[in-house]
Structure formats: structure tokens, C-alpha cells
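Structure record follows, encoded as C-alpha cells.
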Amino acid sequence: MNGDSRTVIRSVLREHARLPVDVDTLGDDADLFAAGMTSHASVNLMLALEDAFDVEFPDRMLTRGVFDSVSSIAAAIDELSGDGEPSTAGGAG
Amino acid sequence: MSVPVDSDRVLVETVRRIADDVAAAAADDVDRNARFPSEALEALRGAGALSAAVPAALGGDGASLETVARCCFELGRRCSATAMVFAMHQIQVLTIARHLDGAPWFEAYLRELHEEQRLIASVTSEVGTGGDMSRSIAAATPEGDGELSFEKQAPTVSYGLHADDLLTTLRRTPDAEAGDQILALTKSGQAELEPAGVWDTLGMRGTCSPGFVVRARFASEQVLPAPFAEVMNQSMVPLSHILWSHVWLGIASDAFERARAFLRASARRRPGEPLPAAARLSHVMAELTLLRGEVSQALHDFHTDDADDRSRLMTMASVLRFNNLKLAASEHAPSVCAGALEVVGIVGYRNDTPHSVGRHLRDALSARLMVANERLHATDAALLLIAKEP
């Protein structure tokens, strides 16, 4: 995951995470939920990330832990758009 | 609902006997006077059932979730209040046991719970959060001497005055966001409950769940170490929905049995005569069968996910799954009770007959409000936009 994607992630966060603080004051590893992101906002964040990166998060990735920091989101996007395409969406079943 | 281990089978038998002999006899009085089912709780204490879910390594029975669920069902058939108190207590015990991460204070606490058969109530609801358990206003506040304190306005604390200990959701610190939570266990003597109202309700009257202002002071080791999001998604929420549903299934099953007994008595009096209400009862049975199927499938699904990979319980698919159990069970249980009432008619509407099902219906109606269904639908509505499997 290059710095560019993190920039995109941050801009999606700015628009959809409804954080009470400026996202740029948070480090890549800062806990977004502790910073005030609600679970409702996190769903909108996931939808917006799917759109921005043209990916689909499989059910196994739809957990709080995957979306709780810029780094963990970047790792998930990385896995989905990387060359080693993971198994099909819906892998939690 | 299979119960494989011998000690588990003995426990279910014991609890069933307590349900039949003690809880059933007091159920009407408990309901009428909105009083705590003390005799049934004493009997459960005497049988060591309050520590059923404490792991064997810490002195308890290490009973399986199936066994605990079966006990909730058996109690639910005889006294909803006893069953709900038992279920809520077991949810707290299971939550602590599953997330104590080897913390010495909590291990010692569970040993003590087993030896003294202590009863835990939970203080999760809070005035001002709109029923959203994943947000808190009250905060764990450092007291300078290494201790923590809190003051929480709780709109309902089930059996608050009858519990030994309290498990309370709080913000981690006075500066923390509403969603940055912890769970603290405080013991009697560390907490005071100032009553804020009375518990005079349509049903579930014996759970004695009025509001309180809860104030407590406690040591920092009394905060459960595991991350709250894990505790909530892997245990508190799914286990609540599973054990509550078993209670509601028990209530609905007894309402159905009462209606069947009523019809059977009518048929015996006039053999061969048409009995139109029997067809109605058949519809009720079909709905009860669906309810039973969903309750037992959800228990199975929890077990599979938990055994294979506990993190699967963190997914949105899993949140939807156990929300759907709660929605289905809380809609169908009162519907079965209302159907049973129609079958029995005025004899069932009266409160003083062996076929009375009014208490069942009133108790089962609480199911939709214990975490309001509309709140769950709102959550599910958001999640289903992103989750890939239903």
C-alpha cells in the first residue's frame, strides 16, 4: 500500500467517518472508534471505501478491527487489490 | 438441544425440578405482587446453579452453553421472572469467563462466585443514550488513590436490589468518547443504588427492574481487561439474544401446552364432537415450531463460529444473525401466547384457571422492548447495505 492510498483513505474518512476531530490530527495507527467514529458512520465509511477503491469487502473483513485505523484499512485494501487475489467475497460463510 | 455430559444432564434435571416444584408454585404470586422470586433463586443457589457456567478450573461446573440455555428454557416454562434473572446472571458470568484473559482478580472473583453463589446484575442501560448499549455517558473516574469511581443514571437495573454484584458499562476515562467503553465489576459494599422509581409493569414483574442512580468506588483491577468491542460482539450481545430467546421460547411453549391441555379436556368431555379451536391450535403449533427451529439454529451457529474462530463473531454477518434471532423470537413468542389465548378463550383470559395464559402473553410482550426491536432494525438496515450474506 503506497502513500497515495492512505491519502485517499484519509479523504474518505474526512467525508464519511464523521469524526469529532480532524482526521489529520490522528496517526495512521490511531483508533478511529476511540476517536469517536460510531458504528453507523463506519458502515458508510465501508461503502465509500468500496466505491473509492472499486473493491468489495467480503463478510470476513466486515469487522470493527479491519476499520479501526488508517493502517488496518490500508492493509485490507491492499489484500483485496493486491496480486494475490483472496478467495471470493462472502468468505465468512 | 443436546446435553452430552453427565454433569450437564444432572444440572438440567435439577433446574427442571426447581422450575416445576418451586418456581411454578410461586409464579402467580411473584407476578401479582411484582416481587422477586426469592424462593426459586434460593433453590438455584442451593443447587449451585448460579456457577453453572464458571469454568471447572475455577471451581464451577463448566456447563456448556447448550446446558445453560436449556436451563433458561425450563425455567421460562414455569416462571418468566426466575428464568430472566437466571439468564441475565448467566450472561454476565459467561461474559466474564470468556474475556478475563487470565486476570487474577477476575479468576478469584469467579471462584468466590462459585463458593458463595453470588448473583450478578448488569447496569448497561443509561439515561441519555437512547438505549444504545455501545455508548456510555458515565465514566470511570480516577480518585487519586489508584481507585476508580462512577455515578451512572440507569433507567432499569433488573433485580438491582437483589444482586450481590454489578457489571457496569462505562466510558474508559472522563475524557473518552461515548463509544470508548469498559466493563467494571463492583461488589456489594462498593456500590450504592439510589432508587429512581418503582417497577410496576405490564409483565416481567418479578424481575424487579426499576431505575437507579448507581454510585461505586472500586479498584482498577476490577475492569475487565479485554477490549469492550470484543466483549460485546463475541459474548454479551449474542449470548443475551440466545439466552433471552430460550426464556421466551419457554414462555411460549408453556402457553401452547396450556392451550393443548384445555382442548384435550374439552375433547374428552365430548368425544367425536367437532372442535374448531383445534385447527387454530394447529396454526399456533406451526408458529411455535418455527420459533423453536430458529432458537436452536442460532445456538448451533454461535457454537460453530465460536469453536472455529471466535473472530467470526465480530463480523457484521454475525451481528445480523443474532439480531435476527432476537427479532424473530421476540415477535413470535408473544404471537404464540396470543394464539394460545384465542384457543382457550375466556378461561385463558381469566387469571385464576389452570389454563390462564394472560401472564405468559404479558411477560412475552416485554421481548420486543428489551433492546427495542426498532433499534435493531435500524442497525440491521445499515449493516445489510454492506454485509454480503443475509
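List of remarks:
- Residue among B:267, B:278, B:317 with the largest mean-square fluctuation in a Gaussian network model of chain B, springs linking Cα atoms under 10 Å: B:267
- In segment B:211-334, Cα pairs under 8 Å separated by at least six residues give a relative contact order of 42 percent.
- About the centre of its Cα atoms, segment B:296-383 shows a dipole size close to 280 debye [charges on the beta carbon of Lys, Arg (+1) and Asp, Glu (-1) only; nearest 20 debye].
- Nearest-0.05 FRET efficiency for residue B:162 and residue B:7, computed from C-beta distance (R0 35 Å): 0.80
- A Stokes-Einstein calculation at 4 °C with viscosity 1.567 mPa s, built on the Kirkwood radius of the protein assembly as shown over Cα pairs, returns a diffusion coefficient of 54 µm²/s.
- The C-alpha atoms of chain B define a longest principal axis, and helix B:373-383 lies at about 60 degrees to it.
- Alpha-carbon spread of chain B, three principal axes, descending order, Å: 79, 48, 43
- Shape of segment B:74-211, Cα gyration tensor, a/c cut at 1.5: oblate
- Rounded to the nearest 10 degrees, the inclination of helix B:6-18 to the longest alpha-carbon principal axis of chain B is 70 degrees.
- Placing unit charges on the Cβ atoms only, positive for Lys and Arg and negative for Asp and Glu, gives segment A:3-80 a dipole magnitude near 260 debye about its Cα centre.
- Spin-label pair residue A:24/residue B:283, simplified geometry with 7 Å Cα→Cβ offset, distance in nm: 6.5 nm
- Estimated FRET transfer efficiency when R0 is 41 angstrom, pair residue B:221-residue B:270 (beta carbons, to 0.05): 0.05
- Full-stretch length increase - residue B:331, residue B:353 - with 0.36 nm per residue and alpha-carbon distance subtracted: 5.3 nm
- Here the Karplus relation 6.51 cos²θ - 1.76 cosθ + 1.60, evaluated at θ = phi - 60°, turns the backbone of segment B:254-263 into coupling constants of 5, 4, 4, 4, 5, 5, 5, 4, 4, 5 Hz, with x for every Gly and Pro.
- Taking the C-alpha atoms only, the angle from helix B:65-76 to the longest principal axis of chain B is near 50 degrees.
- Close amide H pairs (under 5 Å, H built 1.01 Å from N) link residue B:196 with B:211, B:212, B:213, residues at least 5 positions away or on another chain.
- For segment B:106-149, with +1 on Lys and Arg beta carbons and -1 on Asp and Glu, the positive-most of B:121, B:149, B:106 along the dipole: B:121
- Database remark: amide H of residue B:158 closer than 5 angstrom to the amide H of B:122 (H placed geometrically; neighbours at sequence offset of 5 or more, or on other chains; Pro and chain starts carry no H).
- Among B:225, B:274, B:37, residue whose mean-square fluctuation peaks in a GNM of chain B (springs only between Cα atoms under 10 Å): B:274
- Projecting label points 7 angstrom from Cα along Cα→Cβ for residue A:52 and residue B:57 puts them 4.3 nm apart.
- For chain B, the relative contact order comes to 16 percent (Cα pairs under 8 Å, sequence separation of at least 6).
- Residue-wise HN-Hα coupling along segment B:220-228, computed from phi with Karplus coefficients 6.51, -1.76, 1.60 (Hz; x: Gly, Pro): 5, 5, 7, 8, 4, x, 5, x, 4
- Cα-projected label distance for residue B:38 with residue B:324, points at 7 Å along beta-carbon direction, nm: 4.5 nm
- Per-residue HN-Hα couplings for segment A:12-18 [Karplus 6.51, -1.76, 1.60; θ = phi - 60°; Hz; x = Gly/Pro]: 5, 4, 4, 7, 10, 7, 6
FYI, it's all coordinate maths here, none of it is from the lab. Since we're looking at a predicted model, the values are computed, not measured. FYI the Cβ positions are ideal-geometry reconstructions off the backbone, even for glycines, and counts take in every protein chain you see.
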